[in-house]
Amino acid sequence: MSFLEKPVPGRLLLDDTVPLNAVIETSQNLQSHTVIRRYSDFDVLNSNLMVCGITLPLPPKKLIGNMDREFIAERQRGLQAYLDTITQQPLLSSSLPVKKFLDPNNYSANYTEIALQQVSMFFRSDPKWEVLEPLRDIGWRIRKKYFLVKNKEQLKERYLLSWVDLGPDKFLSDKDLQSAMKLLTSLSTPYLCPLLFSSTSESSALLIRPFSERGSLRDHICKMKPRESYLKKYCNPKKSQGLELSHIKLYGRQILEGLKLLHDGGIFFGHLHASNIIVDDDVCQFVDVENGMLGVPSVLRPAFTQFRKINTTESIDVFCFGHLLYEMTYGRPPDSIPVDQYPAVPYTAVGVYIHTQTNFICTCTLYRQILFSDVQLQHSEKLQIKVPSRLKEALKTAKESLEKRLQEEQRVIHQHRRLTRAQSHHGSEEERKRRKILARKVENKNSPPTCPSSPTPPSTTGMSGCLSTVCPHICLLKCLSSLICYNVCPLSVSLSSHLSLFMFLCCLSVHFCLGKYWADCVTPLCGESMLLSSLSMFYTD
C-alpha cells in the first residue's frame with residue numbers, strides 16, 4: 001500500500017507500483033534449520049524467474065556443513081545480493097512471484113481464479129461470447145488478466161477480454177464511471193483502439209476490444225510474439241532494435257495527436273508506453289485509455305514521483321512520451337531517470353532533441369513544432385471528443401484529486417530527502433571530528449587564566465554568560481533557544497506562529513552567524529532533534 005493512503009472501507013487501496021525493498025537482517029535456528037525464508041523458497045522463486053533470461057546470482061546449495069557460522073554469514077550475504085539484483089530490475093520487482101515472496105500478506109490471493117469467476121458470471125449473462133484460451137502473464141499488471149475470446153456471431157474475429165481490479169486512483173463515482181465507459185465504447189477516432197464492450201462493478205471492470213496478432217509497439221521493437229510471457233519478452237530481449245527515423249517521426253506525431261485529442265476532451269490518461277500502443281497500417285492507436293478512470297496507477301509512477309515538476313496529468317503524459325521517444329530511438333527504455341549517459345545517437349535529429357530534454361519535461365506543442373512539424377497525417381480533419389458537461393465536470397474533479405495525491409506523495413518524498421541529507425551530514429565522521437576540535441577550542445578559550453598575577457575576569461550572570469565572548473550573537477541565540485525550550489510543551493505537535501518565527505530566526509542565526517559553533521552551543525539548549533528538523537529546510541535538492 002502507498003504510505004500516503006488511508007484505508008477506506010470497501011475499497012482496494014493497494015498500489016502495486018510502489019517498489020519493494022528487501023533487507024535480510026538476521027537468521028534463526030529452528031529445529032536444526034536456518035529459517036527466515038528457507039533456501040527452498042529462494043529456489044522456487046528463482047525457478048519462476050528463469051524465464052526472464054537474466055542471470056540471477058542465487059548462491060548454490062550445500063548439503064554438508066550448512067550450519068557453520070561462517071557459511072551462514074556467507075549465505076546471508078549471497079542471498080542479499082540476489083534480492084538486490086531482483087529489486088533493481090523494475091519488471092522483476094513488480095512481478096507476482098516477487099511480490100508474493102516479499103509481501104505474502106498482500107499478494108496471497110489467486111488472481112487468475114478470481115478473474116475466471118468474474119468472467120464466467122459475465123458469459124452467463126451474455127452467451128454470445130466464448131472463451132478460446134487464457135493469455136497468461138502477457139501483461140505486467142498483477143490484478144489484470146487477459147483472455148482470447150470470440151463472438152459466436154463473428155466466428156473469424158478474435159477479441160481480447162481483460163479483467164482488472166479498480167485501483168487507488170479511482171476518484172469517479174460508480175455512476176460517473178459507467179458514463180465514462182459508455183462514452184469510450186461509442187468513440188470512433190483513428191488514434192484510439194475501439195472499445196467494443198465494458199462493464200464495471202464496485203471493485204472491478206471487464207473490457208473487450210479487438211485483438212492484434214501483431215502485438216504492441218513494444219512487441220515490434222523487441223521482435224517478440226504478443227502471446228508470450230512479458231518477463232520473457234521484455235526483461236532481456238536479444239533482438240530489440242530502435243525504429244527507423246521515418247517511423248519515429250510518423251508514430252511520434254500520431255501519438256501526440258492522440259494525446260491532444262484526449263486532453264482537449266478533458267480525459268486524463270497517464271498510461272502512455274510502448275505496450276499500450278498498437279500499430280495497424282502505420283497508424284498508432286492507444287489501448288487502455290480507460291486506465292486513468294479505473295484508478296490503476298501508471299507503470300512509470302515510481303519514476304515521475306521523484307520530480308515535483310511533474311505534478312499534473314498533462315505533464316505525466318508528456319513525461320511518458322519522452323520515455324517512449326527514447327525507447328523508439330534506442331530499442332529499449334532508459335536504465336534510469338533522469339538519464340545520466342546516452343548511448344551513441346542513431347539519428348541526429350532525434351538524439352539532439354532527447355539530449356535537450358534530459359528529464360523528458362516539455363510540452364506536446366513544442367514536440368509537434370520542433371521534431372514532427374514536417375510529418376503529413378492521413379487524417380487532416382479536426383478530431384474531437386464530445387464529452388457531456390456533467391461528465392466533463394466529474395472528470396475534472398477526479399483529475400484534481402489524482403494530482404493532489406501525486407503532489408502530496410512528492411512532498412513527503414522531498415521532505416524525507418532533505419531530512420535524510422541533514423541527518424547524514426550531521427552524523428558523518430568528518431563532521432563529528434570537526435565538532436570535537438571546535439569544542440576543545442571553545443573550552444580552552446573560555447577557561448579562566450591559571451596565572452595568579454592575571455586579573456580576575458568579571459563575573460557574568462543571566463543569559464549573556466561566558467558564551468558571549470565567542471560571538472556577539474550568542475546572547476541572542478541563547479535567549480531565543482531558552483524561550484523556545486521553556487515555552488513549548490514537549491508533547492505539543494505544533495508551534496504557535498510567534499514561536500515558529502523565533503525558531504526560524506534562531507536557525508538563521510545558527511546557520512549564517514555562528515557558523516561552526518552551532519553544534520556545540522545550540523544542541524545542549526534546544527535539543528538535537530529539533531535543530532535537525534529545522535535545519536533540514538536549508539538542504540534543498
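Quick check on this structure: which one of V149, V131 is in the same structural domain as K225 (by the TED database), among the β-branched types (V, I, T) and out of contact with any Asp or Glu (no Cβ under 7 Å at 6 or more places or on another chain)?
Values: V149 fails: out of contact with any Asp or Glu (no Cβ under 7 Å at 6 or more places or on another chain).
Result: V131 is the single residue among V149, V131 that is in the same structural domain as K225 (by the TED database), among the β-branched types (V, I, T) and out of contact with any Asp or Glu (no Cβ under 7 Å at 6 or more places or on another chain).
For segment 338-358, check the following and say yes or no: at least one residue is hydroxyl-bearing (S, T, Y), over 19 Å from T17 (Cα atoms) and modelled with pLDDT of 85 or more. Checked against the condition, which is being hydroxyl-bearing (S, T, Y), over 19 Å from T17 (Cα atoms) and modelled with pLDDT of 85 or more, segment 338-358 yields no hits at all. Do we find that L406 is of a type in the set (A, V, I, L, M, F, W, C) and either in a helix (DSSP H, G or I) or more than 28 Å from L245 (Cα to Cα) (or both) in this structure? It is true that L406 is of a type in the set (A, V, I, L, M, F, W, C) and either in a helix (DSSP H, G or I) or more than 28 Å from L245 (Cα to Cα) (or both). Looking only at residues in segment 80-120 that are part of a loop (DSSP other than H, G, I, E, B) and in contact (Cβ under 8 Å) with a residue 12 or more places away in the chain, the one that is surrounded by the fewest Cβ atoms within 10 Å (Cβ to Cβ) is N106.
So that you can scan it fast, the table gives a plain yes or no per residue for (1) over 24 Å from the mean Cα position of the chain (by Cα); (2) not assigned by the TED database to the domain that holds L192:
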{"position": "V375", "(1), (2)": "yes, no"}
{"position": "V387", "(1), (2)": "yes, no"}
{"position": "A394", "(1), (2)": "yes, no"}
{"position": "T397", "(1), (2)": "no, no"}
{"position": "E403", "(1), (2)": "no, no"}
{"position": "R411", "(1), (2)": "no, no"}
{"position": "H425", "(1), (2)": "yes, yes"}
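Filtering segment 1-52 to residues that are of a type in the set (S, T, N, Q), open to solvent by less than 50 Å² (accessible area, probe 1.4 Å) and at pLDDT 50 or above leaves T17, S27, N46. Only residues that are touching a strand residue (DSSP E or B) at 6+ places or on another chain (Cβ under 7 Å) and buried (at least 20 other Cβ atoms within 10 Å of the Cβ) were counted in segment 169-188, giving 2.
So which of L155, L166 ends up being surrounded by fewer than 20 Cβ atoms within 10 Å (Cβ to Cβ) and either over 20 Å from L294 (Cα atoms) or aliphatic (A, V, I, L, M) (or both)? Outline the logic, then answer.
On the way: L166 fails: surrounded by fewer than 20 Cβ atoms within 10 Å (Cβ to Cβ).
Checking each option against the conditions leaves just L155.
When segment 309-337 is limited to residues that are at pLDDT 85 or above and in a loop (DSSP other than H, G, I, E, B), the one that is nearest to L243 (Cα to Cα) turns out to be G331.
A quick yes/no check of all residues on (1) outside the structural domain of S246 (by the TED database); (2) open to solvent by 20 Å² or more (accessible area, probe 1.4 Å); (3) assigned to a helix (DSSP H, G or I):
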{"residue": "I267", "(1), (2), (3)": "no, no, no"}
{"residue": "L272", "(1), (2), (3)": "no, no, no"}
{"residue": "S275", "(1), (2), (3)": "no, yes, yes"}
{"residue": "Q285", "(1), (2), (3)": "no, yes, no"}
{"residue": "V289", "(1), (2), (3)": "no, no, no"}
{"residue": "G292", "(1), (2), (3)": "no, no, yes"}
{"residue": "S298", "(1), (2), (3)": "no, no, no"}
{"residue": "P302", "(1), (2), (3)": "no, yes, yes"}
{"residue": "Q306", "(1), (2), (3)": "no, yes, no"}
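Return yes or no: is F147 open to solvent by less than 30 Å² (accessible area, probe 1.4 Å), in contact with a Leu (Cβ under 6 Å, 6 or more places away or on another chain) and touching a residue at least 60 places away in the same chain (Cβ under 8 Å)?
Working: open to solvent by less than 30 Å² (accessible area, probe 1.4 Å): yes; in contact with a Leu (Cβ under 6 Å, 6 or more places away or on another chain): yes; touching a residue at least 60 places away in the same chain (Cβ under 8 Å): no.
In short, no.
The values are calculated or read from the model by the stated rules, or taken from the named source; none is laboratory data. Only a predicted model underlies this, so the values are computations on that prediction, with no experimental measurement involved. Methodologically, a virtual Cβ is constructed for each residue, glycine included, from the backbone with ideal geometry; neighbour enumeration extends over all protein chains shown. When the accessible area is computed, the model is the full protein with side chains, heavy atoms only, and any ligands, DNA or RNA have been set aside. Shrake-Rupley method; radii C 1.70, N 1.55, O 1.52, S 1.80 Å.
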